[in-house]
Structures are given as C-alpha cells and as structure tokens.
Amino acid sequence: MPYVQVPKDLNKVKTKVVFNLTKRQLIWFSAAAFTAVPVYFLTRSHIGNTLAMLLLIIISMPFFLMAMYEKNGLPFEKNARIFITSRFIRPKKRPYRTENIYEYAQKQYDLEKEVNNIVYDKNKAHRKTEKNGRRSHKKGSP
C-alpha cells in the first residue's frame, strides 16, 4: 500500500508555484536565464560554442546559489549578512562583561548615606550655633 510521508515540522514545508519550484527559486532561475542566455547567444560566434557555454554556466552560478542555498532555514543573503557582520563589522574580541546591579545599588546607598551625614552635620552645627547665640544673648542681658 503506498503511503505519503508527513513531515514532523510543518514550518519547513514550502509552497510550490510552478514546476515544483518555490516563488523564490522561480525568480532567481528566471534572473539567471535573462542574464546568462543572451550572453551565450552574443558570445558564441566570437569565442566558440564551448567557451560561451562555460561563460553561461559561470554567469548563472551566483543566481543558482541565491535560489538554492539555505542553511538553518535562512536564505543565502541573510547568511551572508550574518557572516559579514560577524567577521568584518563587529570587533574580533568581545569580552564578556556583566552588569552588576548590586554594585550600582551599593553606590547609591553610599551616596545617600553621605548626603544624610552632611545634612545631619549641618543641622547639628546649625542647632549648636543657635544654642550658643541664645546663651550669649542671655548672658549679655542685664
């Protein structure tokens, strides 16, 4: 009895448009045909049939790469962008640095404590001068 395999992960299933090709593959194969075939017909009389065919293959290979290459579910251009940013744009050495939130809280606590001490000392000094001022005023009175 014939059976059809059902894929376990349905996210990997792609809809086919024409000739069992996805829309992406169809676009890139069409671009390859529109660029490489005219080059073949324009060059075969000048460089020969074999070299023109090799030129056709060389010109169409990048288009086939863009159409067919897929790694980890990402197409070629996304993989290329990731590769270029990781190799050339970002720095080579990226040290691991943690952000210690406790350290910031401790600094904030120390600063508040220092401010409170300054305010307390000023209030204490101000009260002391007020007391001394009253006493001297009382002493000076007859």
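Springs between alpha-carbon atoms under 10 Å, Gaussian network over the chain: tell me which of LEU26, LEU111, LEU51 tops the mean-square fluctuations.
LEU111
Apply the Karplus parameterisation 6.51 cos²θ - 1.76 cosθ + 1.60, with θ equal to phi minus 60°, to every residue of the stretch 96-102 and state each ³J(HN,Hα) to the nearest whole Hz, in sequence, with x for glycine and proline.
7, 10, 9, 10, 7, 5, 4
Pick the calculated P(r) over Cα pairs in 10 Å bins from 0, in percent for this structure from (1) 13, 45, 34, 8, 1; (2) 9, 15, 15, 13, 10, 7, 7, 7, 6, 5, 4, 2, 1; (3) 10, 38, 37, 13, 1?
(2)
Compute a Gaussian network model of the chain, connecting alpha carbons closer than 10 Å, and tell me which residue from VAL37, VAL17, VAL119 fluctuates the most.
Maximum fluctuation in the GNM of the chain, among the listed residues, is at VAL119.
Which whole-Hz couplings ³J(HN,Hα) result when phi for each residue of the stretch 80-90 is put into the Karplus expression 6.51 cos²θ - 1.76 cosθ + 1.60, θ = phi - 60°, listed in order with x for Gly and Pro?
Residue by residue, the stretch 80-90 yields 5, 4, 4, 4, 5, 5, 6, 8, 10, 8, 6 Hz.
Against the longest principal axis of the chain, how steep is helix 49-68, in degrees 0 to 90 to the nearest 10, with axes from Cα atoms?
The angle comes out near 40 degrees.
Counting pairs of Cα atoms in the stretch 11-89, how many percent are more than 18 Å apart?
Every Cα pair in the stretch 11-89 considered, those over 18 Å come to 55 percent.
Rule-based calculations on the coordinates, nothing more; no lab input. Predicted, not measured: the structure shown is a model, and the values here were computed from it.
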